[in-house]
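See below for the structure under consideration.
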Amino acid sequence: MANHKSAEKRHRQSETRRVHNKYYARTTRNAVRTLRALSEKDAATAMLPKVSAMLDKLAKINVIHKNKAANLKSSLALHVNKLTA
């Protein structure tokens with residue numbers, strides 16, 4: 001248990017940030033999963049920029065590593081490009 005006021009505040013801040021990061025990371029993972037499940041090229045092409053932006057934002061605030069975001073974006077782009085119309 002925290003013994004100082006500053007430690008109590010840091011604990012509250014950490015918990016708030018953890019819940020916030022968890023929400024956005026889960027939302028992005030679901031979006032990636034949805035994009036991978038798409039089989040029509042038009043829908044996937046329209047969704048790719050939105051998912052890429054979500055990944056970039058997570059990398060920017062250090063929820064995920066920037067290389068992980070780059071790898072995910074690359075694999076998603078390959079998936080979308082392989083789809084036939």
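Derivation of every value follows stated rules applied to the coordinates shown; laboratory data play no part. These numbers come from a predicted model, not from an experiment. Positions of Cβ are generated from backbone atoms using ideal geometry, with glycine treated the same way; all protein chains shown enter the neighbour counts.
Hey, what number do you get for the chain at 222 nm if only DSSP H runs of n ≥ 4 count, each worth -39500 (n - 2.57), divided across all residues, to the nearest 500?
Helices in the chain give a 222 nm mean residue ellipticity of -29000 deg cm²/dmol.
At a Förster radius of 41 Å, what calculated FRET efficiency corresponds to the Cβ-Cβ distance of SER75 and HIS11, to the nearest 0.05?
So the FRET efficiency works out to roughly 0.65.
Would you mind putting 12-18, 72-78 in packing order, based on average other-beta-carbon counts within 10 Å, highest first?
72-78, 12-18
What full-extension length gain, to one decimal in nm, is calculated for THR27 and LYS82 as 0.36 nm per residue of separation minus the Cα-Cα distance?
Answer, rounded to one decimal: 17.3 nm.
Give the distance, in whole Å, between the Cα centre of region 26-44 and the Cα centre of region 55-74.
16
Using mean Cβ contacts within 10 Å as the protection proxy, how do 45-55, 21-31 order, highest first?
The packing order, highest mean first, is 45-55, 21-31.
In percent, how large is the relative contact order of the chain, given Cα pairs closer than 8 Å and 6 or more residues apart?
RCO, the chain: 31 percent.
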